[in-house]
Amino acid sequence: QLVESGGGSVQPGGSQRLSCTASGIIFDAYNMGWYRQAPGKQREEVASINAAGLPTYAVAVKGRFTISRDNAKNAVYLQMNNLQAEDAAVYYCNAAHPVTRSSYWGQGTQVTVAS
C-alpha cells in the first residue's frame, strides 16, 4: 500500500514537498517514482529513484524537483520548487520491482498552483 501526502494549493514560484509511505512491500528492493496527471492529459513520469538511490527526472522538472528516499522509513519524497501553473496535477506515487515487474500505485494527491 502506498499513501501520498503533502498536496495542496501553492502560488506560482512556491514550493511543496510530497511524501509517500509504503507498507506491505520490501521497500528497498523497489524503484520508486512520482507521476502526475493533469485534466485531459495522460499520466506522465515526473521523477524516479532506483533501489540504489539513483534519480532521474523529466525534462520539464529537472532543476526544480528533487526526489529522495528514506529506506529506513519506507518513504519517498518529492521536493518541488519554483512551481508553475503547468505543474498542477494529481501526483501519484509508484513502486515498481525491477525484476518481478510488480507495480503499485498510491491514491494520488492534488497539487494546485494558482495565484
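What residue, of L83, L54, is open to solvent by 60 Å² or more (accessible area, probe 1.4 Å), farther than 21 Å from Q107 by Cα and among the hydrophobic types (A, V, I, L, M, F, W, C)?
L54
Considering G14, G24, which residue is at positive phi and either open to solvent by 80 Å² or more (accessible area, probe 1.4 Å) or out of contact with any Ser or Thr (no Cβ under 8 Å at 6 or more places or on another chain) (or both)?
None of the others qualify; the one that does is G24.
Looking only at the stretch 57-79, which residues are within 12 Å of the chain's Cα centre (by Cα) and either open to solvent by 40 Å² or more (accessible area, probe 1.4 Å) or within 16 Å of A96 (Cα to Cα) (or both)?
The answer is Y57, T66, I67, S68, R69, A75, V76, Y77, Q79.
Which condition does K41 not pass, out of (1) buried (at least 16 other Cβ atoms within 10 Å of the Cβ); (2) at pLDDT 95 or above, if it passes all the others?
The failed condition is (1).
Picking from G53, G63, which residue would you name as being in a loop (DSSP other than H, G, I, E, B) and without any contact (Cβ under 8 Å) to a residue 12 or more places away in the chain?
Going through G53, G63 in turn, the sole match is G63.
Of the conditions (1) open to solvent by less than 50 Å² (accessible area, probe 1.4 Å); (2) farther than 18 Å from F27 by Cβ; (3) modelled with pLDDT of 95 or more, A95 clears all except one; give me its number.
It fails just one condition, (2).
Name the one entry in A72, A89, A85, A58 that is at pLDDT 95 or above, closer than 16 Å to E4 by Cβ and small (G, A, S).
Testing whether each residue is at pLDDT 95 or above, closer than 16 Å to E4 by Cβ and small (G, A, S) leaves just A89.
Taking Y30 as meeting all but one of (1) surrounded by 17 or more Cβ atoms within 10 Å (Cβ to Cβ); (2) more than 18 Å from V3 (Cβ to Cβ); (3) more than 10 Å from the chain's Cα centre (by Cα), write down the number of the exception.
(2)
Could you check the stretch 1-11 and list, in sequence order, the residues that are closer than 23 Å to V113 by Cβ and surrounded by 15 or more Cβ atoms within 10 Å (Cβ to Cβ)?
Answer for the stretch 1-11, where residues must be closer than 23 Å to V113 by Cβ and surrounded by 15 or more Cβ atoms within 10 Å (Cβ to Cβ): E4, G6, G7, V10.
The values are calculated or read from the model by the stated rules, or taken from the named source; none is laboratory data. These numbers were taken from a predicted model, which means no experiment stands behind them. Cβ: placed from backbone, ideal geometry, glycine included. Neighbour counts: every protein chain shown. The accessibility values were calculated without ligands, DNA or RNA, using every heavy atom of the protein model including side chains. Shrake-Rupley method; radii C 1.70, N 1.55, O 1.52, S 1.80 Å.
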